[in-house]
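*Asks:* Dropping a structure here in structure tokens format, bear with me for questions.
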Amino acid sequence: MEDKTLKVGLLVEAAHAQQAMAAETMTHLEAHVREIDTIVREAVRQAVIDELQDLMQEGQRAQRALRGVSRAANLRVVLWSVGITFLCTAVPLGTFFWLIPTQAELAAMRAKREVLAASVARLEQRGGRVDLRRCGSDRLCVRVDRKAPVYGAAGDYLIVKGY
């Protein structure tokens, strides 16, 4: 039986040795896991930092592009506003200068008016204020002054009203 006890003792001692080696291996494995965890965390952190920096650079490029577009749009609005303002000013001024007569044209019109006024005065003196109309069956008639005396051998001439 001693042989069996010896064998069991050896087996127990071998089991303890194996258990100690397994514990030591587990300790080393846990240390490696911690190292790997640290390395992986650092790699992930660095990858995230790199990606965030790339994202930040892309955001800055997009911001610069949007500012450029904004400046171009503002410039275009200013140019359109100036152009429309110029047209809104030029059209009335051009129309004004095109329609308003010059000093020479005004002088010619005044002279013509004087000539026409003199002609109208002569016409009035010669019967230009006569009130002629079409009467009855399209016959020409004149308004006469009934209070004025009649003239002619037969009294068939009457004074036109207003003379």
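Where a number appears in this text, it was derived from the coordinates with a stated rule and is not lab data. Since the model is a prediction, treat every value here as computed from it, not as a measurement. Every residue, glycine among them, receives a Cβ derived from its backbone with ideal geometry; neighbour counts consider all protein chains shown.
*Asks:* Quick one: Cα centre-to-centre distance for region 41-108 and region 137-163, in angstrom?
*Replies:* When both Cα centres are located, 81 Å separates them.
*Asks:* Have a look at I84, S137, M109 and report the one farthest towards the positive end of the charge dipole of the chain, computed about the Cα centre with Cβ charges (Lys/Arg +1, Asp/Glu -1).
*Replies:* Result: S137.
*Asks:* Right, something else. Mind putting a number on the dipole of region 93-163 about its Cα centre? Charges go on the C-beta only, +1 for Lys and Arg and -1 for Asp and Glu, and I need it in Debye to the nearest 20. Don't skip to the end; give the middle numbers.
*Replies:* On the way: 13 positive and 7 negative charges, 42 e Å.
Magnitude of the dipole: close to 200 debye.
*Asks:* Considering the options I100, L52, V33, tell which one lies farthest towards the positive end of the dipole of the chain, charges being +1 on Lys and Arg and -1 on Asp and Glu at the Cβ, about the Cα centre.
*Replies:* Farthest towards the positive pole: I100.
*Asks:* Using the Cα centre of region 9-163 as the reference point, and only Cβ charges (+1 on K/R, -1 on D/E), how large is the resulting charge dipole? Debye, rounded to the nearest 20.
*Replies:* Values: 21 positive and 17 negative charges, 676 e Å.
Approximately 3240 debye in magnitude.
*Asks:* Quick one: which residues, 5 or more positions from V144 or on another chain, have an amide H under 5 Å from its amide H? H modelled 1.01 Å from N in the peptide plane, none for Pro or chain starts.
*Replies:* It is K161, by chain and number.
*Asks:* Let me ask another. Give the list, by residue number, of cysteines in the chain with no other Cys Cβ closer than 4.7 Å, or say none.
*Replies:* Taking the Cβ cut-off of 4.7 Å, the unpaired cysteines of the chain are C88.
*Asks:* With no solvent and one point on each alpha carbon, what is the Debye value of log10 I(q)/I(0) for the chain at q = 0.14 Å⁻¹?
*Replies:* These q points yield log10 I(q)/I(0) values of -1.04.
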